[in-house]
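Asker: Structure below; questions to follow.
The values are calculated or read from the model by the stated rules, or taken from the named source; none is laboratory data. This is a predicted model, so every value here is computed, not measured. Cβ placement follows ideal geometry from the backbone for every residue including glycine, while neighbour counts extend to all protein chains displayed.
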Amino acid sequence: MDLGLSGKVAIVTGGSRGIGRGIVEGLLAEGCKVVTCARNAEKLQQAVDELRASGDIVGVPLDITSRDAGETLLAKAKAEFGAVDVLVNNAGGNKRGAFVELSDEDWQTVLELNFNSHVRVARAVAGEMQKRKSGSIIFIASIFGREAGGKGLAIYNSTKSAMISMAKIMAMELAADNVRVNSVAPGSIRFPGGSWDRRCIEDPEGMQAFIDRELPLGRFGTVEEVANVVAFLASERASLVTGTCINVDGCQSRSLI
Ligand SMILES: NC(=O)c1ccc[n+]([C@@H]2O[C@H](COP(=O)([O-])OP(=O)(O)OC[C@H]3O[C@@H](n4cnc5c(N)ncnc54)[C@H](OP(=O)(O)O)[C@@H]3O)[C@@H](O)[C@H]2O)c1
């Protein structure tokens, strides 16, 4: 299927490794021009250098929790490529801990990274898309924004649920301007150097038990499998898909809704 993404301009936050890098690679393979960002300038540049052979890509070293991150990324996309058609809000993190032990600072740090930063970046880019009467915004949430992830995940669960909720309301408000907004909820995604990879190396038996218990396909997901769904949502092939959240989890989640 030709997704018709050739020549489109995408901003992907957190594209230097992991799922974000997979999404960047997927969009480049479809012919998109990509602006991406990460905090570590050296690692970002290394990723950009490796990916340049696949298409037009620019890296902007910045912290997305900074107030002007959205405006900076938008300005870069317009200066380098003339416009923005796709925004993928991917960067995120976690702070595990028992609810009674988590501090205000813990909550504030992850709220800024997983939610507030995405509000600001999406607001900056959505306004531009509204003017152009075209665009696709995708939030990388988690299955743990749709159902309980378990003890110790109060902050992560809350921020991902908030993200999915906000995306739905954004979709309602932006539909009249032909801007689609969706979220993607990955299950456990393994890639070299990622958190699941580390846990598999540290505790192979425990992780095999986890796979047997929690992953019906008998394996972790890959970044390519997430990127494929993101590319579809980014494209006009998904023209009737807005205001939804799509699991990419191999039936890991148990929720019926
Ligand atoms: N891996 C999974 O199994 C899984 C499952 C469900 C959902 N998710 C979600 O998918 C997204 C990506 O996960 P991942 O596992 O690929 O994460 P990751 O390996 O930690 O990569 C995160 C990326 O975001 C960048 N980043 C982090 N904080 C940033 C900040 N403040 N400003 C700018 N860039 C920042 C990182 O680069 P720097 O560190 O250099 O900034 C890196 O490029 C997250 O939202 C995560 O919650 C992951």
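Asker: Does the stretch 155-167 contain at least one residue that is more than 15 Å from the ligand (Cβ to nearest atom) and part of a helix (DSSP H, G or I)?
Answerer: Filtering the stretch 155-167 down to residues more than 15 Å from the ligand (Cβ to nearest atom) leaves 165.
Imposing the further condition that a residue be part of a helix (DSSP H, G or I) reduces the set to 165.
Taking every residue of the stretch 155-167 in turn, at least one turns out to be more than 15 Å from the ligand (Cβ to nearest atom) and part of a helix (DSSP H, G or I).
Asker: Let me ask something additional. Criterion first (outside any helix (DSSP H, G or I) and within 28 Å of VAL125 (Cα to Cα)) does VAL241 satisfy it?
Answerer: Numbers: outside any helix (DSSP H, G or I): yes; within 28 Å of VAL125 (Cα to Cα): yes.
Spelling it out, VAL241 is indeed outside any helix (DSSP H, G or I) and within 28 Å of VAL125 (Cα to Cα).
Asker: Further, regarding this structure: Which count do you get for residues in the stretch 168-192 that are within 16 Å of the ligand (Cβ to nearest atom) and under 11 Å from PHE139 (Cβ atoms)? It would help to see each step written out before you state the result.
Answerer: Pass one, the stretch 168-192, residues within 16 Å of the ligand (Cβ to nearest atom): 182-192.
Subsequent filtering for residues that are under 11 Å from PHE139 (Cβ atoms) retains 182-185.
Qualifying residue count for the region: 4.
Every residue, every condition in (1) at pLDDT below 95; (2) surrounded by fewer than 16 Cβ atoms within 10 Å (Cβ to Cβ); (3) under 22 Å from GLY150 (Cα atoms); (4) in contact with a strand residue (DSSP E or B) (Cβ under 6 Å, 6 or more places away or on another chain), yes or no:
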site	(1), (2), (3), (4)
VAL86	no, no, no, yes
GLY93	no, yes, yes, no
ARG96	no, yes, yes, no
GLU101	no, yes, yes, no
ASP104	no, yes, yes, no
VAL110	no, no, yes, no
LEU113	no, no, yes, no
SER117	no, no, no, no
ARG120	no, no, no, no
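Asker: Of the residues PHE139, PHE144, only one is surrounded by 17 or more Cβ atoms within 10 Å (Cβ to Cβ) and part of a strand (DSSP E or B); which?
Answerer: Details: PHE144 fails: part of a strand (DSSP E or B).
After ruling out the rest, the residue left standing is PHE139.
Asker: Moving to a separate point now. Would you confirm whether or not the stretch 189-196 contains a residue that is closer than 18 Å to ASN89 by Cα, at pLDDT 95 or above and touching a strand residue (DSSP E or B) at 6+ places or on another chain (Cβ under 7 Å)? Write out each step before concluding.
Answerer: First, the residues of the stretch 189-196 that are closer than 18 Å to ASN89 by Cα: 189.
Going one step further and asking which of them are at pLDDT 95 or above, we end up with 189.
Within this subset, residues satisfying the condition of being touching a strand residue (DSSP E or B) at 6+ places or on another chain (Cβ under 7 Å) are 189.
Within the stretch 189-196, one or more residues are closer than 18 Å to ASN89 by Cα, at pLDDT 95 or above and touching a strand residue (DSSP E or B) at 6+ places or on another chain (Cβ under 7 Å).
Asker: In the stretch 105-120, which residue that is out of contact with any Asp or Glu (no Cβ under 9 Å at 6 or more places or on another chain) and closer than 21 Å to ARG180 by Cα is farthest from the ligand (Cβ to nearest atom)?
Answerer: Only one residue fits best here, namely VAL119.
Asker: Here's another thing I want to ask about it. Can you pull out the residues in the stretch 22-46 that are in a strand (DSSP E or B) and near the ligand (Cβ under 10 Å from one of its atoms)?
Answerer: Residues of the stretch 22-46 that are in a strand (DSSP E or B), as a first pass: 33-38.
Within the stretch 22-46, THR36, CYS37, ALA38 qualify.
Asker: So which residues in the stretch 193-216 are outside any helix (DSSP H, G or I) and either within 14 Å of the ligand (Cβ to nearest atom) or in contact with a helix residue (DSSP H, G or I) (Cβ under 6 Å, 6 or more places away or on another chain) (or both)? Even if it seems obvious, please write down each step before you answer.
Answerer: Step one: list which residues in the stretch 193-216 are outside any helix (DSSP H, G or I), which gives 193-194, 203, 215-216.
Within the stretch 193-216, GLY193, GLY194, LEU215 meet the criteria.
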